[in-house]
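Please treat every number below as a calculation from the coordinates, not as lab data. Here the structure is a predicted model, which means the values were calculated and not measured. Note: ideal-geometry Cβ built from the backbone for every residue, glycine included; neighbour counts use all protein chains shown.
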Protein chains: 2
Amino acid sequence: MTSTIRSGCPINLTLETIGDRWSLIVIRDLMFGNRRHFRELLAASEEGIASNILADRLKRLVEAGLLSKADDPSHKQKAIYSLTEKAIQLVPLIVQMGAWGRRHLPTTPELAIRAQLLEEGGPEMWDAFMDELRAVHLGAPMPSGPRVADRLAAAYAALSGEQAGGQP
Amino acid sequence: MTSTIRSGCPINLTLETIGDRWSLIVIRDLMFGNRRHFRELLAASEEGIASNILADRLKRLVEAGLLSKADDPSHKQKAIYSLTEKAIQLVPLIVQMGAWGRRHLPTTPELAIRAQLLEEGGPEMWDAFMDELRAVHLGAPMPSGPRVADRLAAAYAALSGEQAGGQP
DNA sequence: TTAAACCAGTTGCATAGCGCAAGCAGTGAG
DNA sequence: CTCACTGCTTGCGCTATGCAACTGGTTTAA
């Protein structure tokens with residue numbers, strides 16, 4: 001994770017920003033798992049991120065402009081992490097990653113169902129989901145109609161036998 | 001780059017396969033730069049990959065089923081690396097990476113033009129490009145009509161002042 | 001026929017990043 | 001006052017990366 005730029009190629013610059021094993025995991029949990037606090041991100045991660053790695057990634061992602069950090073008014077020590085517009089625009093990329101992984105790698109059905117729904121939903125569904133993220137993370141008005149996030153959570157719950165809420 | 005699986009989530013599995021700083025660079029050069037030999041990949045890389053890292057990534061990518069390796073009949077010591085179908089299906093993901101990088105990171109114009117063309121061309125153009133890759137790397141018949149690869153190379157050449165051939 | 005150039009890597013070594021476990025100061029509830 | 005909870009930090013060993021030099025073999029050219 002050096003900070004020197006290797007080249008101005010868009011692929012390379014994207015790799016330098018999110019091309020490691022943890023950054024996108026953190027963004028995924030913020031995006032689909034709706035985890036907003038350090039401890040939530042730490043404890044509920046499927047992959048078991050270490051606290052120092054999480055702290056480092058949160059710091060880097062805030063510096064890179066992908067996350068923002070704010071105080072929780074209900075608790076002086078709590079920090080709330082939010083996705084920025086820059087991170088919300090990663091949705092199509094993340095959907096493609098999910099689609100490719102689902103097709104070529106040994107995924108677990110209950111963890112793959114959301115990737116499947118988003119892939120089948122196409123760009124309209126991605127846009128709707130991005131608008132919901134803007135409402136939750138940026139304070140934009142929540143779009144009317146049924147929520148994509150609810151559909152994803154329901155599909156996950158149906159397969160995993162849990163109540164809605166959502167693990168990635 | 002450990003080999004233990006952290007979770008069955010499609011995002012995570014994709015990250016475990018290509019989520020590092022070099023794997024996609026190698027695939028990009030094979031895909032857009034049409035480099036097929038070790039020395040070509042080593043010397044002509046914008047980012048300057050080290051020979052031991054390149055050797056390691058080629059080995060891993062072959063093991064992961066993303067590349068195949070064959071002898072060059074014209075030279076006993078030459079090895080030819082080819083993309084597999086699995087790697088060719090990364091095209092939409094790579095296009096999304098390029099699109100995001102171009103929009104949010106300080107890219108160089110001549111290196112970004114191909115990302116722009118592919119983004120604007122949409123899924124039809126991606127499919128056409130994937131068919132061309134199948135012809136070049138898998139021995140499938142080359143589709144008729146103007147080549148996407150030629151358009152990309154021409155656009156790059158026009159901006160960089162070089163003759164066609166193509167740096168990523 | 002012999003030297004030079006080219007081929008795909010390998011090796012040694014220093015540095016940087018990762019992963020685990022434990023610890024820390026401040027905060028809020030009972 | 002105590003105890004659990006907050007977002008981290010520290011120490012330590014291990015792995016991965018990056019650089020430079022090198023290897024054994026092959027082909028080309030003088």
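Taking segment B:87-100 as the range and being assigned to a helix (DSSP H, G or I) and either at positive phi or among the hydrophobic types (A, V, I, L, M, F, W, C) (or both) as the test, the residues that pass are B:ALA87, B:ILE88, B:VAL91, B:LEU93, B:ILE94, B:VAL95, B:MET97, B:ALA99, B:TRP100. Taken together, the residues in segment B:2-34 that are part of a loop (DSSP other than H, G, I, E, B) and acidic (Asp, Glu) amount to 1. Checked against (1) within 14 Å of chain A (Cβ to nearest Cβ); (2) within 16 Å of DNA strand D (Cβ to nearest atom), B:ASP56 meets all criteria but (1). Restricting attention to segment A:25-53, the residues that are within 10 Å of DNA strand D (Cβ to nearest atom) and either in contact with a strand residue (DSSP E or B) (Cβ under 9 Å, 6 or more places away or on another chain) or away from every other protein chain (no Cβ under 14 Å) (or both) add up to 11.
Taking the criterion of being hydroxyl-bearing (Ser, Thr, Tyr) and farther than 30 Å from A:ARG28 by Cβ, would at least one residue in segment B:36-58 satisfy it? Yes, segment B:36-58 contains at least one residue that is hydroxyl-bearing (Ser, Thr, Tyr) and farther than 30 Å from A:ARG28 by Cβ.
One line per residue, one yes/no per condition, for (1) surrounded by fewer than 21 Cβ atoms within 10 Å (Cβ to Cβ); (2) closer than 30 Å to B:ARG114 by Cβ; (3) near DNA strand C (Cβ under 10 Å from one of its atoms):
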residue: A:SER7; (1), (2), (3): yes, yes, no
residue: A:ASN12; (1), (2), (3): no, yes, no
residue: A:LEU15; (1), (2), (3): no, yes, no
residue: A:ARG35; (1), (2), (3): no, no, no
residue: A:GLY48; (1), (2), (3): yes, no, yes
residue: A:ASN52; (1), (2), (3): yes, no, yes
residue: A:GLU63; (1), (2), (3): yes, yes, no
residue: A:HIS75; (1), (2), (3): yes, no, yes
residue: A:GLU85; (1), (2), (3): yes, yes, no
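Report yes if A:GLU110 is more than 10 Å from DNA strand D (Cβ to nearest atom) and in contact (Cβ under 8 Å) with a residue 60 or more places away in the chain, otherwise no. Give the derivation first.
Details: more than 10 Å from DNA strand D (Cβ to nearest atom): yes; in contact (Cβ under 8 Å) with a residue 60 or more places away in the chain: no.
In short, no.
Any residue at all in segment B:65-86 that is more than 16 Å from DNA strand D (Cβ to nearest atom), in contact (Cβ under 8 Å) with a residue 40 or more places away in the chain, part of a helix (DSSP H, G or I) and within 19 Å of B:LEU41 (Cβ to Cβ)? Scanning segment B:65-86, I find no residue that is more than 16 Å from DNA strand D (Cβ to nearest atom), in contact (Cβ under 8 Å) with a residue 40 or more places away in the chain, part of a helix (DSSP H, G or I) and within 19 Å of B:LEU41 (Cβ to Cβ), so the answer is no. Screening A:ILE18 against (1) within 25 Å of A:VAL148 (Cβ to Cβ); (2) away from DNA strand D (no atom under 16 Å from the Cβ) leaves a single unmet condition, (2).
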